[in-house]
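To start, the structure itself, in structure tokens.
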Protein chains: 2
Amino acid sequence: MRVVRTVEQLREAVGFMRRTGQGPVGLVPTMGYLHEGHASLLRRAGEMCGTVVMSIFVNPIQFGPNEDYEAYPRDEQRDLELAEREGADIVFIPSVDVMYPRPTRTKIAVSSLTTRLCGASRPGHFDGVTTVVAKLFNLVQPEYAFFGLKDAQQVAVLRQMVEDLNMNVEIIPCPIVRERDGLALSSRNVYLSAEERRQALVLSRSLQEARKAVEEGRAETAGEVRELLTSVISGSPLADIDYAEILTFPGLEPLEGGLPLTGAEGEIIMALAVRFGRTRLIDNIIFTPKEVAALV
Amino acid sequence: MRVVRTVEQLREAVGFMRRTGQGPVGLVPTMGYLHEGHASLLRRAGEMCGTVVMSIFVNPIQFGPNEDYEAYPRDEQRDLELAEREGADIVFIPSVDVMYPRPTRTKIAVSSLTTRLCGASRPGHFDGVTTVVAKLFNLVQPEYAFFGLKDAQQVAVLRQMVEDLNMNVEIIPCPIVRERDGLALSSRNVYLSAEERRQALVLSRSLQEARKAVEEGRAETAGEVRELLTSVISGSPLADIDYAEILTFPGLEPLEGGLPLTGAEGEIIMALAVRFGRTRLIDNIIFTPKEVAALV
């Protein structure tokens with residue numbers, strides 16, 4: 001495994017792998033503080049690609065002024081051990097100066113998809129994500145790029161960018177990885193106190209209950225599902241709901257009020273963002289109501 | 001010369017040239033209605049590249065609602081003759097549906113550089129340019145891309161985009177091509193009446209006079225140059241000035257008021273946009289005042 005820190009080293013390392021026939025190249029962009037979710041991305045990349053590049057970069061321009069950029073957890077040594085164990089061939093760890101030698105004047109913005117969910121709560125966040133991911137795509141020129149579905153909106157936004165800009169890369173969405181008790185893995189889980197950690201289970205539990213209610217016909221409309229989610233989450237006194245939404249996926253459009261969910265075409269997403277103290281957690285389930293309806 | 005109209009044909013044609021060792025690939029993006037300015041870009045590309053790709057696409061998203069998108073002159077047959085004569089290997093002529101199979105939700109925006117000159121007069125114009133050029137770069141993946149310096153601000157904006165997004169292409173700016181009487185070549189010159197055409201010479205003439213005044217020490221500051229440009233242009237009764245500016249190049253920053261131009265570091269641009277009836281013409285001169293000062 002090669003660890004590279006400059007643009008020149010990265011291009012040279014990827015170029016060598018290509019010249020020696022070790023394609024296709026897969027990119028796993030991360031902000032580090034790696035966990036089993038990231039490991040699952042590396043393994044999936046390893047199955048599909050001859051060369052797996054992982055980037056570790058806490059991207060300042062996707063953090064708002066009152067967010068946790070400075071506090072975001074970092075542990076390079078542990079990250080490198082995980083990357084090596086899970087088969088990364090090249091790990092790119094740039095400094096902020098390497099990625100932004102001067103303040104970027106160029107931004108990539110995806111409209112519509114970014115107005116809801118985390119886009120509404122974190123203005124400018126997705127512009128920062130699309131811009132840095134486009135930079136990484138240009139630097140690595142991967143055939144495939146791997147992203148976890150915990151950030152489902154990010155997946156939808158990046159797919160839109162790739163399609164709209166005719167980028168030569170395929171986005172591969174990978175399933176959410178959870179602790180055994182259901183909590184979705186996140187580098188931010190480290191912020192949680194023991195009591196917050198216990199109550200944070202309400203995210204996955206409320207999503208499971210809502211899905212079950214749709215399956216059993218106890219919740220028929222988006223409004224009913226939203227009420228159910230909200231009422232379950234409110235049972236946890238430390239939980240402060242940022243949003244609890246039911247939208248189409250990947251279009252992220254609202255479902256018509258009167259429509260029974262089981263009548264919706266294609267996939268829908270139930271998505272949550274909930275604060276515990278200063279820690280904001282997200283989780284979601286994507287499913288096809290028609291298939292659920294067929295099972296009933 | 002191959003003429004291709006779909007994304008698939010384009011990728012196949014460029015891929016063939018690459019596989020058969022006919023690189024590097026040069027791209028000459030145009031809106032068609034080709035003239036000797038475009039021909040000079042093709043010749044420059046031919047000197048540097050094994051494969052020259054020209055695109056002809058009148059890009060709707062870079063036109064404002066009251067601009068000349070519908071009226072923009074088109075003549076595919078004549079364009080193809082010129083492209084063939086000047087050595088294009090592949091000509092890409094997509095329809096609007098090929099470039100935008102659905103309305104694009106993704107925009108690339110360059111800040112700061114786009115607030116002045118044509119950016120101020122044509123809001124959204126440069127977002128349309130950067131977005132379509134990024135698409136063309138992704139489709140063709142050229143090593144070099146050739147742009148005329150008549151659109152000097154476009155060159156500055158595209159260079160910024162390429163640098164900020166780590167794009168794998170070098171922008172090659174090419175000199176303005178003029179009629180023998182000095183008028184900068186433009187597809188829009190066809191709009192001019194005989195009298196407008198005659199009076200339009202005031203653009204190049206005023207720029208030459210302003211440059212001479214700087215050389216001879218008769219105009220020392222940006223304000224004095226601006227006054228001189230304005231007063232010369234006002235001598236043409238049909239001329240309606242949109243802007244007459246003196247800025248740094250490629251930064252497009254204003255020069256400090258009191259600074260004699262000959263003290264400015266690096267290059268400066270004198271840039272004009274002038275309307276004749278419904279036709280808006282632009283022209284500019286880029287030069288290094290220090291070199292001018294050294295000549296005096």
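The values are calculated or read from the model by the stated rules, or taken from the named source; none is laboratory data. Note that the coordinates shown come from a computational prediction; the quantities given were computed from them, not determined experimentally. Neighbour counts are summed over all protein chains in view; Cβ atoms, including those assigned to glycine, are modelled from backbone coordinates with ideal geometry. Calculation scope for accessible area: heavy atoms of the full protein, side chains included, ligands and nucleic acids excluded. Shrake-Rupley method; radii C 1.70, N 1.55, O 1.52, S 1.80 Å.
Computed with a 1.4 Å probe over protein heavy atoms only, the accessible surface of the stretch A:187-286 comes to 45 Å² per residue. Each Lys and Arg contributes +1 and each Asp and Glu -1, all at the Cβ; summed about the Cα centre of the stretch A:2-174, the dipole is approximately 360 debye. Note the angle between two axes, namely the Cα long axis of helix A:202-215 and the longest principal axis of the Cα atoms of chain A, as a number of degrees from 0 to 90, rounded to the nearest 10. Helix A:202-215 sits roughly 60 degrees off the main axis of chain A. Taking a cut-off of 18 Å between Cα atoms, list the lysines near A:Lys290, but don't count ones fewer than 8 places away on the same chain. Answer for A:Lys290, where 18 Å is the Cα cut-off: A:Lys212, listed by chain and number. Take every pair of alpha-carbon atoms less than 8 Å apart whose residues are at least six positions apart; their mean separation over the length of chain B yields a relative contact order of 16 percent. At 4 °C and 1.567 mPa s, what whole-number value in µm²/s does Stokes-Einstein give for the translational diffusion of the stretch B:2-174, with Rh from the Kirkwood sum over Cα pairs? D, rounded to a whole number, is 79 µm²/s. Taking Cα centre as origin and charging only the Cβ of basic (Lys, Arg, +1) and acidic (Asp, Glu, -1) residues, the dipole magnitude of the stretch B:187-285 rounds to 620 debye.
For A:Thr20, the point set 7 Å out from Cα toward Cβ sits 3.2 nm from its twins in the other copies, listed from shortest up. Could you please state, rounded to a whole Å, how far the C-alpha centre of the stretch B:179-218 is from the C-alpha centre of the stretch A:27-83? Between the Cα centres of the stretch B:179-218 and the stretch A:27-83 lies a distance of 56 Å. Each other copy places its own label point for B:Arg102 at 3.8 nm from this one, sorted shortest first, where the point lies 7 Å along the Cα-to-beta carbon line. Charge dipole of chain A (Cα centre as origin; +1 on each Lys and Arg Cβ, -1 on each Asp and Glu Cβ, all else neutral): 620 debye, rounded to the nearest 20. Estimated purely from DSSP H runs of n ≥ 4, each contributing -39500 (n - 2.57), the mean residue ellipticity at 222 nm for chain A is -11500 deg cm²/dmol once divided by its residues. Of all aspartates and glutamates in the structure, those lying under 13 Å Cα to Cα from A:Lys107, and not within fewer than 8 positions of it along the same chain, are A:Asp127, B:Asp127, B:Glu163, B:Asp164. Comparing A:Leu149, A:Leu238, A:Leu252 in a Gaussian network model of chain A, where Cα atoms under 10 Å apart are tied by springs, the biggest mean-square fluctuation is seen for A:Leu238. Closest approach of a chain A beta carbon to the axis mapping chain A onto chain B (residue, whole Å): A:Ile108, 3. Histogrammed with a bin width of 5 Å, the alpha carbon distances of chain A distribute as 1, 5, 12, 15, 17, 17, 13, 10, 6, 3, 1, 0 percent, first bin at zero. Just to confirm a number: summing +1 for Lys and Arg and -1 for Asp and Glu over residues other than A:Asp68 whose beta-carbon lies under 10 angstrom from that of A:Asp68, what do you get? So the surrounding residues net to +1. Size descriptor for the stretch A:187-286, Kirkwood hydrodynamic radius: 13.8 Å (Cα pairs only, one decimal).
Amide H contacts for A:Arg178 (H built 1.01 Å from N in the peptide plane; partners 5 or more residues away or on another chain; cut-off under 5 Å): A:Leu185.
Near B:Ile233: Cβ cut-off under 12 Å, other residues only, Lys/Arg at +1 and Asp/Glu at -1. The net charge is -2.
Tell me the total accessible area that B and A bury against each other, 1.4 angstrom probe, in square angstrom rounded to 100. The buried area between B and A, both sides summed, comes to about 2600 Å². Considering only B:Pro65, B:Gln141, B:Ala13, the residue lying farthest towards the positive end of the dipole of the stretch B:2-174 is B:Gln141, judged by Cα position with unit charges set on Cβ. Computed over chain B with a Gaussian network model linking Cα atoms closer than 10 Å, the most mobile of B:Val274, B:Val162, B:Val91 is B:Val162.
For chain A, the longest principal axis of the Cα atoms and the long axis of helix A:36-48 meet at an angle of about 60 degrees. Peptide A:101-113 shows a mean partner chain C-beta count of 6 within 10 Å per residue C-beta.
Summing charges over all other residues whose Cβ lies under 15 Å from the Cβ of A:Gly277, with Lys and Arg as +1 and Asp and Glu as -1, gives 0.
Take each residue in B:156-166, count the other chain C-beta atoms within 10 Å of its C-beta, and the mean is 5. When the Cα gyration tensor is reduced to axis lengths a ≥ b ≥ c, the ratio a/c is 1.5 or higher for the stretch B:1-55, and with a/b not above b/c it is classed as oblate. Using the Stokes-Einstein relation with a Kirkwood hydrodynamic radius computed over Cα pairs, the translational diffusion coefficient of the stretch A:94-139 at 25 °C and a viscosity of 0.890 mPa s comes to 213 µm²/s. Taking Cα atoms only, the orientation of helix B:76-85 departs from the longest principal axis of chain B by about 90 degrees.
Here the protein assembly as shown has 49 percent of its accessible surface on carbon and sulfur atoms, given a 1.4 Å probe and all protein chains in place. Using a Gaussian network model on chain B with a 10 Å cutoff between Cα atoms, which of B:Phe16, B:Phe276, B:Phe137 fluctuates the most? Sorting by GNM fluctuation, first place goes to B:Phe16.
Our note on the geometry: Cα centres of the stretch B:224-290 and the stretch B:98-153, 23 Å apart. Is the protein assembly as shown best put as rounded, prolate or oblate by its Cα gyration tensor, with a ≥ b ≥ c the root eigenvalues, rounded for a/c under 1.5, and otherwise prolate when a/b is larger than b/c, oblate when not? It is prolate, given that a/c is not under 1.5 and a/b is the larger ratio. Label-to-label distance, A:Leu259 versus B:Arg78, with points set 7 angstrom from Cα along the beta-carbon direction: 5.1 nm. On the basis of the beta-carbon distance and an R0 of 51 Å, A:Arg275 and B:Glu267 show a calculated FRET efficiency of 0.50. Between B:Asp242 and B:Asn168, the distance separating the two model label sites (each 7 Å from Cα on the Cα→Cβ line) works out to 3.6 nm.
With only the Cα atoms considered, the stretch A:11-113 has a convex hull volume of 150 Å³ per residue.
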